[in-house]
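Computed from the coordinates by the stated procedures, all read-outs in this text should not be read as laboratory data. From a predicted model like this one, the values you see are computed outputs, not experimental measurements. Cβ placement follows ideal geometry from the backbone for every residue including glycine, while neighbour counts extend to all protein chains displayed.
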């Protein structure tokens, strides 16, 4: 962003902070106005409804991602691919970033029901898969990568990194310092007063109280270490990217990939 | 399920149908009562709050998954692994299953804020990764697989398949026949009356109106064909599973994997 943010940039920054604090379902135009120090009536002058503003925000976030990707377009394909993988790594203390992506995930659950949101999600998907496809095609052309199925590889890489991110942000609890610490109650149980004895044991279908620990599954770490995204990103480089490389091409480290993208301003 | 479903099973089936129809955020105890032909007061006798009932439902779904996984525990490891991959394939017409998983995804977004929901999500994650780890360890022991990093491979496979599923269900619109056809409005814009001129163009950070098509990204299919999950599951077998195989072990087809799991009752 420039030194003098425009009114639109200030509003989008307010949406970002308000989504982090309140989540998609509960955030109001007033919350957003408070976060960007604008009046609610000014917001309504530009955006009729909360939906309009959130669709505009998705557009803003995706446009920002396009710009960040474009800024790396002239770098060597293998560095671009490692940077793409590293972009999806969330460290354990990235609570603000996790909180923002939880709000985005809430927005994504509206995709099937809201065509304008879905249009932005499809645009984002095409940007991400298209970026990996572009990197692969450039790298095949200049001899970095073997001939591979570009569309399939792009879908595989994007699904893998997105899946790791979704699992990390949903499985990680709040520590009172951001992600798990929304300003309002989460609404579970709203409108339903307690009026009876709970007995959730009835839900155990076969009555044996089996848990993952008691079943046939092998004991695994509570969560992948050090984080879900870092573990899966490392595996993505070793298992998916390494076999794409032409003979003699070296695989960059994940740290190199993370460093490449974090040199940009962190806005996502 | 047995021929004579228990009251608990009937209630859980009602939760399943109510979540599909209304989503997590909007579903009420009354909706669930209507779907299972019980009184709301009976539901409250067993479950104090909507949260109690939804946590019990998650427990029920995961326990059901445990039972389904256990039913295949004696099959050859490579068949089990192909079955696990095939389990995550959603065909294009799987609208009920997609609608259910959208509701589950909404529930998952509550993970950071609700410890009881998060406990169930962590249990599910350990079940899934533990199952892949168990398959890999059995297969390494009997010579089906090479020596591989079991924990890393399990995290990679689960993240990949989950990511493909999340992308498919969020990027696919309703066709008036289920998934995109909830009984109530989605709530976007609630409480915000239209009172001004919308101008979402202000959100275009750099003012060039760039889209994925106009940027540097290579043109890719609108969505992976025939579905996101099928494309990524196929890639998972070819790119992630095939390199694990010991010499002379044949890779099953994705169709074999899909058939293995669909012989069970489809409850998830």
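For region A:54-150, the alpha-carbon coordinates run over 43, 34, 22 Å along the three principal axes, in decreasing order. Considering the rotation that superimposes chain B on chain A, the residue of B whose beta-carbon lies nearest the axis, and that distance in Å, is B:163, 1. Ranked by the mean number of other Cβ atoms within 10 Å of their residues, highest first, the peptides A:124-134, A:41-51, A:244-254, B:45-55 come out as A:124-134, B:45-55, A:41-51, A:244-254.
Inter-copy label distances at residue A:4, using a point 7 Å along Cα-to-Cβ, come to 8.0 nm with the shortest given first.
Spatial offset of region B:229-248 relative to region B:1-70 amounts to 36 Å, using the alpha carbon center of each. For the peptide B:116-125, the mean number of other protein chain Cβ atoms found within 10 angstrom of a residue's Cβ is 4.
The mean number of partner chain beta-carbon atoms within 10 angstrom of a residue's beta-carbon across peptide A:52-65 is 5. Calculated over region B:56-99, the projected area of the Cα convex hull averaged across directions stands at 3.7 nm².
Here the peptides A:73-83, A:148-158 are ranked by packing, the mean other Cβ count within 10 Å, and the order with the highest first is A:148-158, A:73-83. Between copies, the label points at residue B:41 (set 7 angstrom from Cα along Cα-to-Cβ) are spaced 5.1 nm, reported in nanometres from shortest to longest.
When residue B:137 is represented by a point 7 angstrom out along its Cα-to-C-beta vector, the spacings to that point in the other copies are 4.6 nm, nearest first. Semi-axes of the equivalent ellipsoid of region A:1-129 are 27, 17, 15 Å, computed as sqrt(5λ) over the eigenvalues of the C-alpha gyration tensor in descending order. On full extension, the segment bounded by residue B:256 and residue B:37 gains 75.0 nm, given 0.36 nm per residue less the C-alpha separation. Counting Cβ atoms of other protein chains within 10 Å of each residue's Cβ and taking the mean over peptide A:225-237 gives 3. Please say if region A:6-63 is rounded, prolate or oblate, where rounded means a/c under 1.5 for a ≥ b ≥ c the square roots of the C-alpha gyration tensor eigenvalues, and otherwise the choice is prolate for a/b larger than b/c and oblate otherwise? Rounded, because the longest to shortest axis ratio a/c is under 1.5.
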